[in-house]
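Let me begin by presenting the structure, written as structure tokens, before commenting on it.
The values are calculated or read from the model by the stated rules, or taken from the named source; none is laboratory data. Values in this document were obtained by computation on a predicted structure and should not be read as measured data. Ideal geometry is used to build each Cβ from the backbone, glycine not excepted, and the neighbour counts take in all protein chains shown.
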Amino acid sequence: MHEVIICEKPKAAEKISQALSRNAEKKNYKRVPYYEFEENGKKTTILAAVGHLYSLAPFKKEKGRIFEVEWVPIYTKDKSKRYVKSYIDAIEKFSKDADRFIHACDYDIEGTLIGFNALKYACGDESVKQAVRMKFSTLTEEDLREAYQNPIDLDFHQVDSGIARHVLDFLFGVNISKYLTDSVMAATTRYIQLSAGRVQTPTLAILAKREKHIKEFIPEAYWLIKADLGDGIIADHKKGRIFDKKEVEAILVDCEGKDAIINKITLKENPQLPPAPFDLGSLQSEAYAVFGFSPKKTQSIAQNLYTEGYSSYPRTSSQKLPASIGYQKILNNLSKDTVFGKHIKKLKKPFKPHEGKKTDAAHPSIHPTGILPKKLGRDYQKLYELIVHRFISVFGENAIQETMKTELKIGTQDFNFSRKRMAKMGWREHYPFRKPENEVFPTLKKSEKLGAKVDSEEKETKPPARYNQASLIRELEKRGLGTKSTRANIISILYDRKYVEGKKISVNKLGEHLIDTLKKYSEKITSEELTREFETKLEGIMGGETKKEEIIEQARVEVSSILDDIEKNKLKIGEELYHSYRESMIVGQCKCGGNLITINSPRGGTFVGCSAYPECKSTYSLPSGANVLKTTCSECGLPIISFGKPRQRACLDPKCGRDGEEPPQNEVVGVCPDCGKDLIKRLGRYGEFIGCSGFPRCRYTRSLEDKEEKTDEKS
């Protein structure tokens, strides 16, 4: 008997081979690793994919609408994936005489589809009928043996949901992007690469709407009245914001020369429950808040920690920790680390985790496996420790926060101030990433008089806050757009397409005008409702409530309707998009007086050219990964570019011979609120930002426009 096990990645194949047999031998075919062992008359071959081996492509080469698609080897579409051919060849070769197949890819929609396509197209249709499924949430030996010894049937509803999702994304993305690009070509004979997507475009629409609110916002003056009572005590007027200056003046007159009299002191103890275990979204949010990691970076690191066997499967929506994961065993193993052990010793038995409401039928919440890493890179170590401390803290006791609220009168005016401190640290002792408020309570008595100096502060209302990547992920989850696995990548695409920029996400002119134009001529493209409706139906496939064929047919109808709208207004759309593109791509002024713009070449890559073409034929090449900066060359006035690793600066014109001015890395702009060192301007992937000079020990950052004062609306 010969069984073949198909894994998602080479590292997973290695882990599974080690778990199933000490006699597994590593071999190579065309530089592709695979594993073999024989026991009890049965030969087992463990083969690996490298993520998706197959991709969708048009069934026929058509100039118009593309609705008929097929799965093809991914290397036939993408030259950078040529290495994938060897992996497909290995699976085809070593599965020929197999009579049992085991699908051992990650247990989610993408993993299911990766393994299914490998079976169907590399091993043959018969392999799908014979295949069983290993289901596991960690790559520990215990879990892998359990999954191997107790396999389950393939979930074809899960397969169909994965197929339908890929087809829908293809039909929407490829067709609409193609029609938008063609509309510009028809109107201007110019090529620009435009991109739209089933989830990508509604996401951009959310950001564009916030951008408009920010730009249209008219600040309004208001006043805060505060009383300085000495010893660092500042009391606030009970009314908070006051928008009438005359009222402010009347209050100040009423308080002038009068003492503050304590009316009431209220002390309360408020329990603080332990946090819920991490699901992917909350891990991404916390890693962004604590370390500044982008959601995509967090997802990538968490996936690698899982592959190495240090933590559980990260792409989960669950906030549950079932007892079956073995709390005691995991905590015992973590205790071998002296730092973790100090915290675990203080936990009270029996161990009972505090759980959240969210569930996931496929996997538990993210948790450490108990296997301690020997050596991790700095960022990997940070995320691993975050996961471990979160896991320990969910078994902790309630923390207790004590609050003191003091009410007082100055003249006839009501003021108050509050203080907070920890009466009991509880679980907070085990979670060092969030510092609790621990203020000093002043010693005061009812009816006590305090000297008071009352004054007003004039301020302005602030526009809605911009989203950052973490808050946008939360917003997409709240609105039911995308999936836990895709949201980080959707945001990354918007940056790559140059529609958005900055850590505090701003939408540039191209992104804004793209949404305006699409809403004007075909609002369905930007529709959250349509996207959410399809998400619900895709989930319905999982439950057997709907069929993939019905949803794909509905998608064809909706895409056709959108393309009809574009076709009717093709020239207008093309002209408006090209105008927006030109505006958004301006990077400086040409020597002839025209605008210099970045241009996408139909053959790939970008360069800078003059908008006055063909009268002016000035062009400048750009090194790979270059950014055009707002600063200009002191010699010729052309923009400065940033490029290379480490980053260098130079004039856009290589003939100029001037090196770029020194980046504004040493310009001190303030004091770090976290550590007290200088704040300086830095240059990052998303442009200039403010960072602490104490980096990497202190990782405080903020955008250039983001002042320390908080905005009125949280994103």
Within the range 436-457, can you find the residues that are out of contact with any helix residue (DSSP H, G or I) (no Cβ under 9 Å at 6 or more places or on another chain) and either more than 20 Å from Phe417 (Cα to Cα) or not in a loop (DSSP other than H, G, I, E, B) (or both)? Lys449, Leu450, Lys453, Glu457
Checking Tyr191 against (1) touching a helix residue (DSSP H, G or I) at 6+ places or on another chain (Cβ under 7 Å); (2) farther than 30 Å from Ile491 by Cβ; (3) of a type outside the set (Lys, Arg); (4) surrounded by fewer than 16 Cβ atoms within 10 Å (Cβ to Cβ), the condition it does not meet: (2)
Residue satisfying condition, being closer than 19 Å to Glu477 by Cα, assigned to a helix (DSSP H, G or I), of a type in the set (Gly, Ala, Ser) and at pLDDT below 95, within set Ala289, Ala361: Ala289
Scan the range 588-598 residue by residue and report those that are crowded, with 19+ Cβ neighbours inside 10 Å and in contact (Cβ under 8 Å) with a residue 40 or more places away in the chain. Gly588, Leu596
Test: residue in the range 211-234 that is β-branched (Val, Ile, Thr), buried (at least 23 other Cβ atoms within 10 Å of the Cβ) and over 23 Å from the mean Cα position of the chain (by Cα): yes
Determine, yes or no, whether Lys520 is touching a helix residue (DSSP H, G or I) at 6+ places or on another chain (Cβ under 9 Å) and either outside the structural domain of Thr188 (by TED's automatic domain parsing) or not in a helix (DSSP H, G or I) (or both). no
For the range 23-88, please list each of the strands (runs of 3 or more DSSP E) lying entirely inside it that holds at least 1 residues being basic (Lys, Arg) and not assigned by TED's automatic domain parsing to the domain that holds Val167. 25-29, 42-48
Is there a residue being polar (S, T, N, Q), out of contact with any Cys (no Cβ under 7 Å at 6 or more places or on another chain) and within 30 Å of Ile392 (Cβ to Cβ) anywhere in the range 247-266? no
Collect the residues in the range 579-605 that are in contact with a strand residue (DSSP E or B) (Cβ under 7 Å, 6 or more places away or on another chain), in a loop (DSSP other than H, G, I, E, B), modelled with pLDDT of 80 or more and of a type outside the set (Gly, Ala, Ser), keeping them in residue-number order. Cys590, Cys592
In this structure, is Ser715 modelled with pLDDT under 75, more than 28 Å from Ile586 (Cα to Cα) and surrounded by 15 or more Cβ atoms within 10 Å (Cβ to Cβ)? yes
The range 606-632, residues that are in a loop (DSSP other than H, G, I, E, B) and either in contact with a Cys (Cβ under 9 Å, 6 or more places away or on another chain) or exposed (fewer than 12 other Cβ atoms within 10 Å of the Cβ) (or both): Ser611, Ala612, Pro614, Glu615, Cys616, Lys617, Ser618, Ser624, Gly625
Which members of the range 92-133 meet the condition of being under 36 Å from the mean Cα position of the chain (by Cα), part of a helix (DSSP H, G or I) and small (Gly, Ala, Ser)? Gly111, Gly115, Ala118, Ala122
Among residues of the range 297-350 being buried (at least 18 other Cβ atoms within 10 Å of the Cβ) and basic (Lys, Arg), the residue nearest to the chain's Cα centre (by Cα) is Lys297
Residues in the range 143-151: is at least one part of a helix (DSSP H, G or I), acidic (Asp, Glu) and within 24 Å of Ile490 (Cα to Cα)? no
For the range 478-487, does any single residue satisfy the condition of being of a type outside the set (Lys, Arg), buried (at least 19 other Cβ atoms within 10 Å of the Cβ) and not in a loop (DSSP other than H, G, I, E, B)? no
Can you pull out every residue in the range 70-101 that is modelled with pLDDT under 95 and touching a Pro at 6+ places or on another chain (Cβ under 9 Å)? Lys81
Take Thr406 and decide whether it is surrounded by 19 or more Cβ atoms within 10 Å (Cβ to Cβ) and either among the hydrophobic types (A, V, I, L, M, F, W, C) or within 30 Å of Ile233 (Cβ to Cβ) (or both). yes
Could you list all residues from the range 533-557 that are β-branched (Val, Ile, Thr), more than 20 Å from Glu68 (Cβ to Cβ) and touching a residue at least 12 places away in the same chain (Cβ under 8 Å)? Thr536, Ile541
